[in-house]
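Once you've had a glance at the structure underneath, I'll fire off some questions.
Here, each number is a calculation from the coordinates, and none is a lab measurement. Not measured: the values here are computed from a predicted model. No Cβ is skipped: glycine too gets one built from the backbone with ideal geometry, and neighbour counts run over all protein chains shown.
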Amino acid sequence: MSPTAPAVRVEHLSKTFGPKRVLDDVSFDVSRGTSFCLLGRSGTGKSVTLKHIIGLLRPDAGRVLIDGKEIGAMDRAALSDIRRGIGFVFQNAALFDSITVGQNVAFPLRRHTDWPEDRIAVRVRETLEQVGLEAEFETMPADLSGGMRKRAGLARALVLDPALLLVDEPSAALDPLTAMEINRLLLDLKQRAGTTLVVVTHDVPGARTIGDVLAVIDEGRLIASGTADELASSDHPLVRTFMADNAGGRR
Amino acid sequence: MARDTSGVVDSVGAGVGRALAWIGDVSCFGARALRDMFRRPFELDEIVRQVHEIGWRSVPLVAAAGLAVGIVLSMHTRDSLERFGAEAKIPAGLALALVRETGPLLTGLLVAGRVGAGIGAELGAMNATEQIDALEATAIDAFKYLAVTRIAACVIALPVLTIIVDFSGIFGGFLAEHAVSGIDFRLYFTRSFELMSFDDLLPATLKTAVFGLIIGTIASYLGFTTREGTEGVGRASTRSVVLASLSIILINVVLVKLIFVIFPSQ
């Protein structure tokens, strides 16, 4: 790990699906231990950016560097090493639906550590407790509510203590109270464990709570970035409108 | 008129091109799976789990089907052979027909129906709900963990299931014969194997490993590449069954010819 390199560097990223240009020359840096919120309307390329950061998608042009190492130039073994240090929370949680919540959270530990089962069980219960799901150890994912699924997905992403956490729409389809709980949990992670956060969201109040730096993406282009207050007073009319229309009161 | 003909030729040509491209993609998928089977990590736990799902759970289906086909084949064989006074050859004729062709093909088609649909739907649903991406994000090779293990399990399970079909078919033949002629169980089994050699049993049984490779590869490929959400899951499941069954029937022609070339005594 290069101590001077940003945790995440996205350089001139472009991606096209069929005739649609989803990302167009997107660049930004995320410093270690900070939180970066990528804001924008639905379908503007936020989730696609996140999937490029973890190497689930290959860019048509540009590159992504994690701790100074280019994701696209890595072989599978190197990519796996990098991914072990990254947690990814999917928008719909993407829990493995044939195993229980406890087994979902234990899965990365069973695959990537040689811990005995009793130690794994302790760690899984600790992580589930952290997200308020300690009672759901034996529950199947299909029996969880939307908010619980999201928290279970967060627990699975956190169980290996990642240095970098990528979160896709933490508050999507959640009631305001649950969304606020998840935002507080993310904030606590950053402050207590020094986890670097990259959060994709369309929830401006949530981004204000979590984000050190906010960026707005529109039709695949990054049109502004800065602190929440800087964006609120941006010269760009769309950014100002977006921040004002979605403000919903500061938390 | 000439323009109409050229339009038909163009569209047939485009269809053939798409079919060849598809066959090429599936072949590359299968070749990659074969290569990865012998590379670390071997995912043995998952292969054992899949052999249980694909193999063990198919036993009731294939055993029942083998029994029924054995009974029916025995009735047909008796109908033909008793015209020549050759009833004593019914067990041997039935056993040869089962072991050399009916058993392997029946097993391939039954497993293509049961397992092909299951793998196509399961992987398609995992794809649609981002579970495959979640595996990758957890630093796990999803292709190896999901596709290679299922394909390996199909390759291992098919020959074993074929032997079960062969023997349940022979037992079905015995039941039918016993009902008609009252033949003794030991005598029926002795007669069943009096004309059979390992050259009859071994190549025909082992060729079903190729059927397993075809079923696992096509179903996994369709599951991995589905892009149309829930509708795509259904389509992947149906296409897995249809294409795997058709491929088995077609490849069987080549395999039978190959067996005759390698084992000319047949």
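Using every Cα-Cα pair within the protein assembly as shown, state what percent have a distance larger than 34 Å.
Values: 67081 of 133386 pairs.
In whole percent, the share of Cα-Cα pairs in the protein assembly as shown beyond 34 Å is 50.
If all Cα-Cα distances of segment A:1-57 are sorted into 5 Å bins from 0 onward, what percent lands in each bin, rounded to whole numbers?
Whole-percent P(r) values from 0 Å outward: 5, 16, 27, 27, 15, 7, 4, 1, 0.
Going 7 Å from the Cα of residue A:20 in the Cα-to-Cβ direction, what parts of segment B:214-235 have a backbone nitrogen less than 18 Å from that spot?
Under cut-off, by backbone N: B:226-232.
Could I ask something else about it? Taking every pair of Cα atoms in segment B:112-266, average 1/r, invert it to obtain the Kirkwood radius, and report Rg/Rh to two decimals.
Rounded to two decimals, Rg/Rh equals 1.13.
Past the 19 angstrom mark, what percentage of all C-alpha to C-alpha distances in segment A:1-150 do you count?
Details: 6945 of 11175 pairs.
Of all Cα-Cα distances in segment A:1-150, 62 percent exceed 19 Å.
Right, something else. In 5 Å bins starting at zero, report the fraction of Cα pairs in segment B:82-134 per bin as a rounded %.
4, 17, 12, 12, 10, 9, 8, 7, 6, 5, 4, 3, 2, 0
Just to be sure I understand: of the beta bridges DSSP finds with both ends in the protein assembly as shown, what percent are antiparallel, rounded to 5?
Antiparallel bridges: around 50 percent, rounded to the nearest 5.
Still on this model: Determine, for each peptide in B:143-155, A:69-81, the mean count of other beta carbons within 10 angstrom over its residues, then list the peptides with the highest first.
So the order, starting with the most tightly packed, is B:143-155, A:69-81.
Compute the FRET efficiency between residue A:138 and residue A:221 as 1/(1 + (r/R0)^6), taking r as their Cβ-Cβ distance and R0 = 56 Å, and round to the nearest 0.05. Spell out each step's value before the answer.
Working: r = 46 Å, r/R0 = 0.83.
It comes to 0.75.
Follow-up question, since we're still on this one. Would you mind computing, in nm to one decimal, how far apart the modelled labels at residue B:206 and residue B:68 are, each placed 7 Å from Cα along Cα→Cβ?
3.2 nm
Which order do the peptides A:97-106, B:93-102, A:168-177 take when ranked by the mean count of other beta-carbon atoms within 10 Å per residue, highest first?
Numbers: A:97-106: 20.6, B:93-102: 22.1, A:168-177: 18.2.
Those peptides, ordered most packed to least, come out B:93-102, A:97-106, A:168-177.
A follow-up question, please. Cα to Cα, under 19 Å, and not fewer than 8 places away if on the same chain: which lysines meet these conditions relative to residue A:69?
Answer for residue A:69, where 19 Å is the Cα cut-off: A:51, listed by chain and number.
Just from the alpha-carbon atoms, what are the Rg and Dmax of segment B:1-138 in angstroms?
23.2, 69
Would you give the gap between the C-alpha center of segment A:120-156 and the C-alpha center of segment B:204-233, rounded to a whole Å?
33 Å
Determine the shielding of peptide B:139-151 by partner chains: average, over its residues, the number of Cβ atoms on other chains within 10 angstrom of each Cβ. Don't jump to the answer; show the numbers that get you there.
Numbers: counts 15, 6, 4, 0, 1, 1, 1, 0, 0, 0, 0, 0, 0.
For peptide B:139-151, the averaged partner shielding equals 2.
Still on this model: Run a plain Debye calculation on segment A:67-226 (Cα atoms as equal point scatterers, no solvent) and give log10 I(q)/I(0) at q = 0.08, 0.15 Å⁻¹, rounded to two decimals, same order as the q list.
-0.24, -0.85
Also: Return the distance in nm (one decimal) between the two label points of a simple spin-label model at residue A:58 and residue B:195, each offset 7 Å from Cα along Cα→Cβ.
5.6 nm
Also, quick follow-up: How high is the relative contact order of chain B, in percent, counting Cα pairs under 8 Å that sit 6 or more residues apart? Please list the in-between numbers first.
Values: 352 pairs, mean separation 82.4, N = 266.
Reported as a whole number, the value is 31 percent.
Further, regarding this structure: Eigenvalues of the Cα gyration tensor times 5, then square-rooted: what semi-axes does that give for segment B:1-68, in whole angstrom, largest first? Don't skip to the end; give the middle numbers.
On the way: eigenvalues 355, 104, 9 Å².
Equivalent ellipsoid of segment B:1-68: 42, 23, 7 Å, largest first.
Ok, one more. Taking the radius of gyration and the Kirkwood hydrodynamic radius from Cα positions alone, what is the Rg/Rh ratio for segment A:142-195, to two decimal places? Let's see the in-between values first.
On the way: Rg = 11.2 Å, Rh = 11.6 Å.
Rg/Rh: 0.96.
Consider all pairwise Cα distances in segment B:89-172 and report the whole-number % of them above 23 Å.
Cα-Cα pairs in segment B:89-172 separated by more than 23 Å: 41 percent.
Let me ask something additional. For peptide A:93-104, how many partner chain Cβ atoms fall within 10 Å of a residue's Cβ, on average?
For this peptide, the per-residue mean of nearby foreign Cβ atoms is 3.
Could you pull the Cα extents of chain B along its three principal axes, largest to smallest, in whole Å?
Largest first, chain B extends 64, 61, 35 Å along its Cα principal axes.
Once the Cα atoms of segment A:41-114 are picked out, what are the Rg and Dmax in Å?
Reported Rg and Dmax, both Å: 14.4, 43.
Further question on the same structure: Taking every pair of Cα atoms in segment A:152-251, average 1/r, invert it to obtain the Kirkwood radius, and report Rg/Rh to two decimals.
With Rg and the Kirkwood Rh in hand, the quotient comes to 0.97.
Suppose each label sits 7 Å from its Cα in the direction of the beta carbon; what would the residue A:177-residue A:41 distance come out to in nanometres?
So the two model labels end up 3.3 nm from each other.
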